[in-house]
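First the structure, in the form of structure tokens, and then the observations on it.
Any read-out appearing in this document is the output of simple, stated calculations on the displayed coordinates, not a laboratory observation. Note that the coordinates shown come from a computational prediction; the quantities given were computed from them, not determined experimentally. In this analysis, Cβ positions are derived from the backbone assuming ideal geometry, glycine residues included, and neighbour counts consider all displayed protein chains.
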């Protein structure tokens with residue numbers, strides 16, 4: 001009996017380069033880092049069982065016609081068992097993930113119809129997407145009839161890519177590789193995607209990715225890739241599988257992947273508000289209280305509402321006021337573990353309530369991303385009188 005010859009090794013670096021080139025034919029991504037990240041994400045979907053977590057891939061843009069859906073369409077041809085979901089319920093998704101046919105790769109287009117400003121909270125779907133980020137993630141549901149119901153755990157761990165207008169809930173954003181799409185400029189040309197022709201090419205690449213994944217499984221399983229300096233906590237969870245893929249592929253992919261990691265993490269920190277509270281703290285540090293040790297509440301509110309590209313002048317139809325500012329800052333604490341609260345400030349015009357930078361400094365260090373640039377010029381501080389009024 002003739003032995004089956006071993007499968008020749010596949011050049012992972014060359015294969016990933018082909019995957020990247022396939023994306024480039026049909027999409028103009030905003031940065032070179034985006035091409036690297038998306039190609040690595042395609043490959044990681046074939047090796048989910050090797051990782052403790054799976055990053056979500058998010059194609060987002062402020063306007064239609066920016067290539068989001070096309071990006072998702074190309075991903076669909078390259079990943080295992082794609083499941084295209086538009087307005088799918090959480091129940092349908094977690095049953096699909098736990099089905100005997102195998103774990104799908106969920107591709108969720110028009111995600112803004114689920115989490116956009118005109119949609120409901122959709123906490124069930126949000127919970128499913130958050131739980132499925134971890135390999136241990138499960139969704140608990142009651143099954144059975146009437147009084148015979150029992151609690152059953154449904155596995156939620158699966159790869160998910162989404163596309164939509166605007167943004168996403170903070171808990172999903174922080175678990176995502178974010179690609180901020182934009183409309184093509186007049187001089188940016190792409191090849192029209194024709195499913196009848198190009199799906200076969202994508203599927204051929206998909207099959208080769210699957211074959212390479214089997215060869216790379218031993219290298220990737222249990223790998224602890226070195227993280228770029230400053231990439232820790234949740235961003236490290238997001239990028240660990242992608243860097244492991246890059247290291248397994250070799251060539252220039254380990255260096256390109258780490259460069260892309262740094263650039264996209266920094267971009268997400270600049271764009272991502274983390275929460276409205278973190279956006280408030282960051283704007284206070286970078287724009288309102290630069291070089292100032294104290295400032296009356298009325299001045300803080302005026303300066304926040306005057307900031308361009310900030311949400312404060314229109315919070316659900318109303319500008320930020322002193323009462324809401326107080327409520328938001330009260331959720332954070334000072335270095336002495338006391339809630340941040342306004343204190344008396346004596347000025348030449350009398351005594352006003354306001355906030356001290358020393359009270360905010362600990363929260364700035366703990367929650368805010370590093371400043372992108374140093375401020376060009378500090379605002380002039382108030383000139384307090386020589387007398388002090390205790391808080």
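Report the extension gain between residue 69 and residue 348 in nm, rounded to one decimal, defined as 0.36 nm multiplied by the number of residues separating them, less their alpha carbon distance. Don't jump to the answer; show the numbers that get you there.
Working: separation 279, 0.36 × 279 = 100.44 nm, distance 5.83 nm.
Result: 94.6 nm gained on full extension.
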Between residue 136 and residue 310, what FRET efficiency follows from the Cβ-Cβ distance if R0 is 45 Å, with the result rounded to 0.05? 0.75
What does the C-alpha gyration tensor say about the overall shape of segment 37-132? Classify as rounded when a/c is under 1.5, otherwise prolate if a/b is larger than b/c, or oblate. oblate
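Set the Förster radius R0 to 41 Å, insert the Cβ-Cβ distance between residue 362 and residue 31 as r into 1/(1 + (r/R0)^6), and round the FRET efficiency to 0.05. Could you put the intermediate results ahead of the total?
Working: r = 34 Å, r/R0 = 0.83.
Once rounded, the FRET efficiency stands at 0.75.
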Could you check the spin-label model distance between residue 99 and residue 302? Points 7 Å from the Cα along Cα→Cβ, value in nm. 6.1 nm
Compute the helix-to-body angle for 357-367: its Cα long axis versus the longest principal axis of the chain, expressed 0 to 90° and rounded to tens. 0 degrees
Hey, in the GNM for the chain with a 10 angstrom Cα cutoff, which one of 288, 177, 162 fluctuates hardest? 288
Using only Cα atoms, find the angle between the long axis of helix 233-249 and the longest principal axis of the chain, and express it within 0 to 90 degrees, rounded to the nearest 10. 30 degrees
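Kindly identify segment 196-297 as rounded, prolate or oblate by the Cα gyration tensor criterion: order the square roots of the eigenvalues as a ≥ b ≥ c, call it rounded if a/c is under 1.5, otherwise compare a/b with b/c, prolate if a/b is larger, else oblate.
Details: a/c = 3.72, a/b = 2.34, b/c = 1.59.
Since a/c reaches 1.5 and a/b is larger than b/c, the shape of segment 196-297 is classed as prolate.
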Could you tell me the distance between the Cα centroids of segment 230-292 and segment 45-91, to the nearest Å? 20 Å
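With the Cα gyration tensor of segment 269-346 giving a ≥ b ≥ c as the square roots of its eigenvalues, does the rule (a/c under 1.5 for rounded; else a/b larger than b/c for prolate; else oblate) give rounded, prolate or oblate?
On the way: a/c = 1.43, a/b = 1.26, b/c = 1.14.
Note, shape of segment 269-346 comes out rounded.
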Considering only the chain, what is the antiparallel percent among its DSSP beta bridges, to the nearest 5? 50 percent
Given the peptides 54-60, 81-87, 276-282, arrange them by the average over their residues of other C-beta atoms within 10 Å, most packed first. 54-60, 276-282, 81-87
Sequence gap at least 6, Cα distance under 8 Å: using those rules, report the relative contact order of the chain to the nearest whole percent. 18 percent
Top mean-square fluctuation among 193, 22, 94, Gaussian network model of the chain, C-alpha springs under 10 Å? 193
Anyone know which of 196, 183, 103 comes out most mobile in the 10 Å Cα GNM of the chain? 196
For segment 295-327 and segment 333-356, compute the distance between their C-alpha centroids and round to whole Å. 17 Å
May I ask for the angle, rounded to the nearest 10°, between helix 195-220 and the longest principal axis of the chain, with both axes built from Cα atoms and the value confined to 0 to 90°? 80 degrees
